[in-house]
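S.K.: Below you will find the structure I want to go over with you.
The values are calculated or read from the model by the stated rules, or taken from the named source; none is laboratory data. Values in this document were obtained by computation on a predicted structure and should not be read as measured data. Positions of Cβ are generated from backbone atoms using ideal geometry, with glycine treated the same way; all protein chains shown enter the neighbour counts. Protein only, heavy atoms only, side chains kept; ligands, DNA and RNA dropped before computing areas. Shrake-Rupley method; radii C 1.70, N 1.55, O 1.52, S 1.80 Å.
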Amino acid sequence: MNMRIAAVCGALGMPVAAAPADELLERIPSTIEAAAAQYEGMLAAIQGDPGLPRTTAGGKRVMVGPKDWTSGFFPGSLWYLHEATKAPRWREAADAYTRRLDSIRHFTGNHDVGFMLYCSYGNGWRLTKTPDYRDVLLDGAKALSTRFHSAVGAIKSWDNPRWKYPVIIDNMMNLELLTWASAESGDARFRDIAVRHADTTLANHFRPDASTWHVVGYDPETGKPAVKQTHQGATDDSAWARGQAWGLYGYTMMARETKNPSYLAQARRIAGFLAKHPRLPADAVPYWDFDAPGIPDAPRDASAAAIMASALIELSGLAGGDEGKALLDLARRQLLSLTSPAYLAPKGENGSFLLMHCVGHLPGGKEIDVPLVYADYYFLEALLRYRAAVRSTPPK
Ligand code: GLY
């Protein structure tokens with residue numbers, strides 16, 4: 001029924017077919033309220049601690065310094081709470097925690113500068129246009145660019161003697177800082193590095209089924225891949241869930257940033273692999289690795305689900321049509337699971353983090369079935385993206 005006819009029927013007292021209810025959309029306000037209450041508790045609990053929250057170990061909260069790869073996510077989540085609620089209280093907290101990362105503007109020790117700065121200062125800049133945030137981001141883009149090597153055509157992820165030149169799929173996530181820096185400064189070099197990196201990763205990181213290796217170790221002399229392995233997955237040839245999610249998010253973001261059809265095609269291929277995977281559980285929250293031993297009793301990774309959901313919402317808009325609708329449906333299923341008591345922590349529990357049941361590094365024996373600060377960040381991002389996507393295309 002079109003809206004005018006509905007309005008006339010309503011005015012005449014005739015029954016009007018209700019618009020189909022969107023359970024997730026209805027849950028978002030109370031979930032944001034619950035998240036705000038939980039993070040109020042977090043702020044009170046960590047007051048006076050110079051660090052930033054990352055996870056829990058043995059039931060105790062683990063705090064990290066600015067150089068930890070996860071340092072940007074807590075300030076980023078505070079920015080999302082400010083965006084969702086408009087409350088000045090969250091802006092003040094977000095600004096204070098963001099500024100703890102100032103020294104990262106000159107950090108060249110690994111590739112994580114994009115995660116650290118773009119989630120914190122990047123969201124701060126997007127929402128407030130505070131001039132010195134921009135300066136930090138541009139310095140950070142310069143620092144990250146120092147890790148690019150043109151013979152390989154990629155940014156070196158780690159300085160780790162196990163590999164001469166390791167590049168991990170996660171590194172795709174750092175490219176948004178570079179595309180932003182070019183758009184903001186007019187200096188095309190940052191964007192060129194991002195595009196070279198995405199092209200090199202596209203050529204070497206993916207298997208024929210669109211799943212991704214975690215680590216490609218390059219020979220920096222020849223620029224060719226020497227080894228394809230894992231660091232955090234079950235085996236070298238398995239599909240580590242968060243790695244697949246980073247790839248999906250990374251190519252979706254690069255498709256948006258560059259309009260390059262091959263990036264969009266890759267994001268769609270990855271989404272197809274994940275959506276049709278026979279071992280994606282019914283609640284659409286992946287096991288920590290799609291090839292994990294012990295499925296169906298293997299631990300889940302809610303962080304992978306949150307990253308995937310956020311990426312799928314954006315990809316649904318880029319893909320459009322029936323495929324776009326199916327991708328949005330999958331993201332909705334994931335978020336319905338994550339907003340349920342099965343994954344969303346009761347108030348005051350879970351070290352004051354939002355989501356339960358994540359896996360950081362199972363083969364390393366670390367962070368198994370715990371909260372992770374980046375799960376919370378992409379969860380909040382996904383909720384805001386979902387609300388915006390559904391509002392811009394209401395159900396017919
Ligand atoms: N980027 C590190 C991880 O996903 O665990």
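S.K.: If we keep just the residues of the range 212-267 that are free of Cβ contacts under 8 Å to residues at least 60 places away in the same chain and in a helix (DSSP H, G or I), which is nearest to the ligand (Cβ to nearest atom)?
M.R.: This residue is A267.
S.K.: I would also like to ask the following. Could you list, in sequence order, the residues of the range 143-154 that are surrounded by fewer than 21 Cβ atoms within 10 Å (Cβ to Cβ) and in contact with a helix residue (DSSP H, G or I) (Cβ under 8 Å, 6 or more places away or on another chain)?
M.R.: Those that are surrounded by fewer than 21 Cβ atoms within 10 Å (Cβ to Cβ) and in contact with a helix residue (DSSP H, G or I) (Cβ under 8 Å, 6 or more places away or on another chain): A143, S145, F148, S150, G153.
S.K.: Please go through the range 168-202 and give me each residue that is more than 18 Å from the chain's Cα centre (by Cα), closer than 24 Å to A239 by Cα and among the hydrophobic types (A, V, I, L, M, F, W, C), ordered by number.
M.R.: Correct list: L202 only.
S.K.: Also, I was wondering about something else. Collect the residues in the range 4-36 that are at pLDDT below 50 and under 29 Å from Y377 (Cα atoms), keeping them in residue-number order.
M.R.: none
S.K.: With respect to A203, is the statement that it is free of Cβ contacts under 8 Å to residues at least 24 places away in the same chain and either within 22 Å of T258 (Cα to Cα) or in a helix (DSSP H, G or I) (or both) true?
M.R.: Considered against the rule, which asks whether it is free of Cβ contacts under 8 Å to residues at least 24 places away in the same chain and either within 22 Å of T258 (Cα to Cα) or in a helix (DSSP H, G or I) (or both), A203 comes out as yes.
S.K.: Another question, if that's okay. Mind checking which helices (runs of 4 or more DSSP H) fall wholly inside the range 296-396 and carry at least 2 residues that are open to solvent by less than 30 Å² (accessible area, probe 1.4 Å) and touching a strand residue (DSSP E or B) at 6+ places or on another chain (Cβ under 7 Å)?
M.R.: Counting at least 2 such residues, we get 302-319, 373-392.
This table checks each residue for (1) touching a Leu at 6+ places or on another chain (Cβ under 6 Å); (2) at positive phi; (3) not β-branched (V, I, T).
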position: E33; (1), (2), (3): no, no, yes
position: A36; (1), (2), (3): yes, no, yes
position: T56; (1), (2), (3): no, no, no
position: R61; (1), (2), (3): no, no, yes
position: D68; (1), (2), (3): no, no, yes
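S.K.: Could you grab me the full set of residues in the range 282-295 that are among the aliphatic types (A, V, I, L, M) and open to solvent by 40 Å² or more (accessible area, probe 1.4 Å)?
M.R.: Answer for the range 282-295, where residues must be among the aliphatic types (A, V, I, L, M) and open to solvent by 40 Å² or more (accessible area, probe 1.4 Å): A282, I295.
S.K.: Right, something else. Restricting to the range 138-153, name every residue that is under 17 Å from V227 (Cα atoms) and either within 16 Å of the ligand (Cβ to nearest atom) or assigned to a helix (DSSP H, G or I) (or both).
M.R.: Correct list: empty.
S.K.: Condition (residue is within 15 Å of the ligand (Cβ to nearest atom), of a type outside the set (S, T, Y), open to solvent by less than 60 Å² (accessible area, probe 1.4 Å) and over 21 Å from Y377 (Cβ atoms)) applied to the range 102-110: is it met by at least one residue?
M.R.: Yes: one or more hits.
S.K.: While we're on this one: If the requirement is being in contact (Cβ under 8 Å) with a residue 12 or more places away in the chain and within 16 Å of the ligand (Cβ to nearest atom), which of these qualifies: L52, L43?
M.R.: On inspection, the qualifying residue turns out to be L52.
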